[in-house]
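Below: one structure in structure tokens.
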Amino acid sequence: MPNMTFYEFIYYGLVIASLLLYLPLYIKRRHEIVATKRSYTRWGIVISYACIGVIGVAVNLVNWLPALVTTVISCALAYYVVFIKYKV
């Protein structure tokens, strides 16, 4: 198993930290979001994880394949939490 570089450690830490902080915050505050902006907020959460992957590749934190895999996994997890499990 290859060792992680410092930049990969930062990237994966950012993804994991954002999943652990951002999604529970949405779950806690989801009833306070104005109904007209709720759809935009949900899609914004999912898209933000895609942006983390794009930024990770753009600044050469990780290669494109690991970034693609983690982006797909984190977007799928965010989509599940926001649209399926805790749909208001």
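What angle, in degrees between 0 and 90 and rounded to the nearest 10, separates the Cα long axis of helix 64-79 from the longest principal axis of the Cα atoms of the chain?
Approximately 20 degrees, to the nearest ten.
Averaging sequence separations of C-alpha pairs under 8 Å and six or more residues apart, then dividing by the length of the chain, give the relative contact order as a whole percent.
About 41 percent, as a whole number.
Give me the one-decimal nm value for the distance between modelled label points at Ser48 and Tyr86, 7 Å along each residue's Cα-to-Cβ direction.
1.1
Let me ask something else about it. Between the alpha-carbon centers of the stretch 37-88 and the stretch 7-26, tell me the distance in whole angstrom.
Answer, in whole Å: 11.
I'm spelling it out carefully: the read-out is Kirkwood radius over Cα pairs in Å, the candidates are [x] 12.8; [y] 13.7; [z] 16.8, and one was derived from this structure. Which label?
Correct label is [y].
Coordinate-derived values only; no laboratory data. Quick caveat, the model's predicted, so the values are computed rather than measured. Here the Cβ is made from the backbone with ideal geometry for all residues, glycine too, and neighbour counts use every protein chain on show.
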